[in-house]
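Right, one structure below, let's go through it.
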Amino acid sequence: MGNQPPPSPLATPLAWDLVAPGYAEEVVGHFTLYSADALEMARPQADERVLDVAAGPGTLSLQAAALAREVVAIDFSAKMLAELRARMNARGVENVAVHEGDGQALPFDDASFDAAFSMFGLMFFPDRAKGFSELYRVLRPGGRAVVSSWQPMPGVPFFWAVIEALSAELPNLPLGDGKGPLCDPEVFKQEMSAAGFEVVVEERVHGNQWPNVDVCWASVRKSFAPLVLLEHKMPKADFEQLAANIRRRIGEKFSGAVDVQMAAWLGLGRKPG
């Protein structure tokens, strides 16, 4: 056990509490496209009960609410759930139940949902096997689960340039090689299958555009959890200098409009029965 790496900061509520407002403002519109893909794959019906694990600000939950009888959203970040409640109130959505809790220990009965989702959430769990097995447990026989993850970040040049710049400025920061959890579709399929699911993993790609580098960088500053966590931990002047240095490094590689195409894996699992 002593040789295991420490848990990722993204596996703790703090990072997501801090980033919640910027995340809800900057990325929900783009991530809605992947949630729509997931819903199309699982096809929840009007009389069904749906679970959204690591629901964040409700990107999928609010879409699912228009399709299913009931949606249950759970997340360990109170601030993300506050964003979800605000968006529910603004839209008059009444069939989403909100819970603060751990996706690795779901507080729900066995076989109590028809469909379950975790969009770019389960991938960060310290115990992904437990995350998958909990999804399996709470689904009825014949139920469907969709889990998503990002493909390797070097395939997204602008965001990879941000990570490379951050690594150059803070070389002791453990940023890795851009190959995030479940970025390999075969590993993804193996891990989800190990929980008991019959699995198909499919690719989905959606783009986002910004008019110039400054606007894109401003969005990243507000919505990229590792940066927001650094801003929280560093003295203000030090972080502003870091941000200026990153912006300068990005400017050496990019100019003009920014078009980002982000490729994801979506795993559809069916519980036999």
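Each reported figure results from applying straightforward, stated rules to the coordinates on display, with no laboratory input. Quick caveat: nothing in here was measured; it's all calculated off a predicted structure. Here the Cβ is made from the backbone with ideal geometry for all residues, glycine too, and neighbour counts use every protein chain on show.
Using the crude model of +1 on Lys and Arg Cβ and -1 on Asp and Glu Cβ, and no other charge, please compute the dipole size for the chain relative to its Cα centre, in debye to 20.
140 debye
Would you work out which of 257, 199, 62 lies farthest towards the positive end of the dipole of the chain, given +1 charges on the beta-carbon of Lys and Arg and -1 on that of Asp and Glu, about the Cα centre?
Going by the Cα projections, it comes out as 257.
To two decimal places, what compactness ratio does region 119-273 give when its Cα radius of gyration is scaled by 2.2 N^0.38 Å?
1.23
Please give me the summed charge of the neighbours of residue 116: other residues whose Cβ is under 12 Å from its Cβ, Lys and Arg +1, Asp and Glu -1.
The answer is +2.
At a 10 Å Cβ-Cβ cut-off, how would you order 83, 134, fewest neighbours first?
83, 134
By the scheme Lys and Arg +1, Asp and Glu -1, what is the net charge of all other residues having a beta-carbon under 13 Å from that of residue 23?
Neighbourhood net charge equals -1.
Could you please rank 41, 192, placing first whichever residue has the fewest other Cβ atoms within 10 Å of its Cβ?
Fewest-to-most Cβ neighbours within 10 Å comes out as 41, 192.
Tell me, what is a quarter of the convex hull surface for the C-alpha atoms of the chain, in nm² with one decimal?
14.5 nm²
Around residue 84, under 12 Å between beta carbons, what's the net of Lys plus Arg minus Asp minus Glu among the other residues?
Net charge around residue 84: 0.
Would you work out the relative contact order for region 170-273, in percent, from Cα pairs under 8 angstrom that are 6 or more residues apart?
This gives 49 percent for region 170-273.
In region 1-114, if the dipole is taken from +1 on Lys/Arg beta carbons and -1 on Asp/Glu beta carbons about the Cα centre, which of 104, 38, 92 is farthest to the positive end?
Of 104, 38, 92, it is 92.
Taking the Cα centre of region 209-273 as the origin, how large is its charge dipole in debye, to the nearest 20, when only Lys and Arg (+1) and Asp and Glu (-1) carry charge on their Cβ atoms?
That gives region 209-273 a dipole magnitude of about 300 debye.
What number in nm² do you get for region 1-141 if you take the convex hull of its Cα atoms and divide its surface by four?
8.6 nm²
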